[in-house]
Number of protein chains: 2
Amino acid sequence: MKKIHITGLGLLGGSFALAAKQKFHELEISGWDINEQNLQDAHILGMIDKTQEFPEKDTDLVILATPADTLTDLVSTMLDKAGDGTLVIDLGSTKGSICSALSAHPKRKQYLAGHPIAGTEYSGPRAAFPELLNRKVMILCEMEKTDLHLKEKAYELFDALNLKLRFMEPEEHDKQLAFVSHLSHISSFMLGKTVLQKMEDDKNIFDMAGSGFASTVRLAKSSPAMWAPIFSENRMNILEALDGYIENLQKFRSKISENESDEMKKEMAEINSIRDILDLQS
Amino acid sequence: MKKIHITGLGLLGGSFALAAKQKFHELEISGWDINEQNLQDAHILGMIDKTQEFPEKDTDLVILATPADTLTDLVSTMLDKAGDGTLVIDLGSTKGSICSALSAHPKRKQYLAGHPIAGTEYSGPRAAFPELLNRKVMILCEMEKTDLHLKEKAYELFDALNLKLRFMEPEEHDKQLAFVSHLSHISSFMLGKTVLQKMEDDKNIFDMAGSGFASTVRLAKSSPAMWAPIFSENRMNILEALDGYIENLQKFRSKISENESDEMKKEMAEINSIRDILDLQS
């Protein structure tokens, strides 16, 4: 691993850079970000050795960590310019449309579709830290379409960063993520909005908020520039998840309204089974 | 502070006991729980010195930490039996109906309505720990109705436990808590339910869940026996909060469905202002 290029030096791209620097001491990283302040910060924070929009021909890996709606064009451009030994990886949170759009690209075998399940509610290079990716799941899609030798370069980086690899089809990925990630962000944003609206009548409302509120509303701090494109790209799956969620809320609302205490207890006790599932993972 | 009696030796009652024991070395705590296993556990964990349903006449403080729907009757019974120097405190999460029901009790001045903003998603004495209450907010309602000298005993305990006291009217308390606590629990339970329903088609769906999902769904582990009574007691305020939340979800759903990316970004950017509010608190 000699040369990596990273476009998009935010939380994710920046954390990849910091972690890769720790593991490969000879590594040279070039980088680019459309936001000039981010680019300067990335330099100051030691994420990149030089600033350039496109990688050199002998670059091993090109990592693209920009918003979901920019990635298809960006991967395509990078593939067009890539040397024969370069693998282009995108880290976008949606995988269906990008995989399908790139399926006919003449250099498709130099592309790897990835999605690390790692993030915080903060964004930008100053939010990045090298441990962000440590022991996190990295989903890879359509592995069979990527050149065998080029994949080895990606594995070398992912193994060094302690990423746990998982393989799935793009459609399956998008469907699952709508439920276990995208829906959580919407629920958290709307919870934040509901309490902010209430604050208009009642300025001190947040004084009474405890750790439970903080936990459910944490994701409402997330970046709009990152999340709006995800909601658009994965629209159909998200609408399915959201409709199921709203229906569940309406049914529970009617139990509260009718004072059906035993029914509420029964339903919550069933949902409590999520304890075992979540505890298994942690 | 010589004698305290605690009824309800779960997460909250148990944590009060453990913390009080650390601060007052001569203190004798008697306790009761309707669940025999909890009572045994409380003994083993050193929370209580003796088991009895009702306090002795010379008890300083009686602390009641049972589900919200049991508290009005329990406070009333305890007041009936209380010696002249005993203060009865309830720690329930709703304050309107209990304060109104007890307003005409002949010993009203021996009662203090409290609610500590402290908890975790776990319950029972084995979930208790002495630091649970450290530096947390303790809301007190209708302070003026409690005897001045008896209140001093409560202050002595609360100060020793590093509780930060706040004073508000019961109706105001219930309205605020519906938004910043009760709604979060409902949103979390229903999020858990939505993903559990999806798991019926897709067994591995939780494998892809990251820290964002864990954070939003954490409260779905909470105790149904504690929460169903809160939802019933605070029904009107919770329905108002829930209706606002569902309306916000439906409006955001339509932005996703219509692919209104700029509108989504604008809305999320406004909600991001919650960062400053939450960061101020932590």
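Some observations on this one:
- Test for B:Gly244: is it in a helix (DSSP H, G or I) and modelled with pLDDT of 95 or more: yes
- The lone exception for A:Glu131 - which of (1) out of contact with any helix residue (DSSP H, G or I) (no Cβ under 7 Å at 6 or more places or on another chain); (2) without any contact (Cβ under 8 Å) to a residue 24 or more places away in the chain it fails: (2)
- The strands (runs of 3 or more DSSP E) found wholly in the stretch A:110-203 and carrying at least 1 residues that are under 30 Å from B:Thr194 (Cβ atoms) and at the interface with chain B (Cβ under 8 Å from one of its Cβ atoms) occupy A:137-141, A:164-168.
- A Cβ distance below 8 Å, combined with a sequence gap of six or more or placement on separate chains, defines the contacts here; from the stretch B:220-231, residues that are more than 7 Å from chain A (Cβ to nearest Cβ) and over 14 Å from A:Asn259 (Cα atoms) reach residues that are part of a helix (DSSP H, G or I) and among the hydroxyl-bearing types (Ser, Thr, Tyr) in the pairs B:Ser222/B:Ser188.
- Residues of the stretch A:100-109 that turn out to be in a helix (DSSP H, G or I) and either of a type in the set (Asp, Glu) or over 22 Å from the mean Cα position of the chain (by Cα) (or both), as a count: 2
- Number of positions in the stretch A:204-229 that are under 25 Å from B:Phe206 (Cβ atoms), assigned to a helix (DSSP H, G or I) and among the small types (Gly, Ala, Ser): 5
- Top-ranked residue in the stretch A:235-255 [being more than 7 Å from chain B (Cβ to nearest Cβ) and not aliphatic (A, V, I, L, M); ranked as surrounded by the most Cβ atoms within 10 Å (Cβ to Cβ)]: A:Asn237
- Residue count, the stretch B:256-280 (criterion: more than 7 Å from chain A (Cβ to nearest Cβ) and over 16 Å from A:Gly192 (Cβ atoms)): 4
- Qualifying helices (runs of 4 or more DSSP H) (wholly inside the stretch A:1-99; at least 1 residues being acidic (Asp, Glu) and assigned by TED's automatic domain parsing to the domain that holds A:Thr120): A:36-44, A:71-81
- Qualifying residue in the stretch A:117-137 (condition: farther than 24 Å from A:Glu240 by Cα, surrounded by fewer than 24 Cβ atoms within 10 Å (Cβ to Cβ), in the same structural domain as A:Asp243 (by TED's automatic domain parsing) and hydrophobic (A, V, I, L, M, F, W, C)): no
- When the stretch A:107-123 is filtered for residues that are closer than 24 Å to A:Ile48 by Cβ and at pLDDT below 95, the ones remaining, listed by number, are A:Ala118, A:Gly119, A:Thr120, A:Tyr122, A:Ser123.
The values are calculated or read from the model by the stated rules, or taken from the named source; none is laboratory data. Given the structure is predicted, the values throughout are model-derived calculations rather than measurements. Note that each Cβ is placed from the backbone with ideal geometry, even for glycine, and that neighbours are counted across all protein chains shown.
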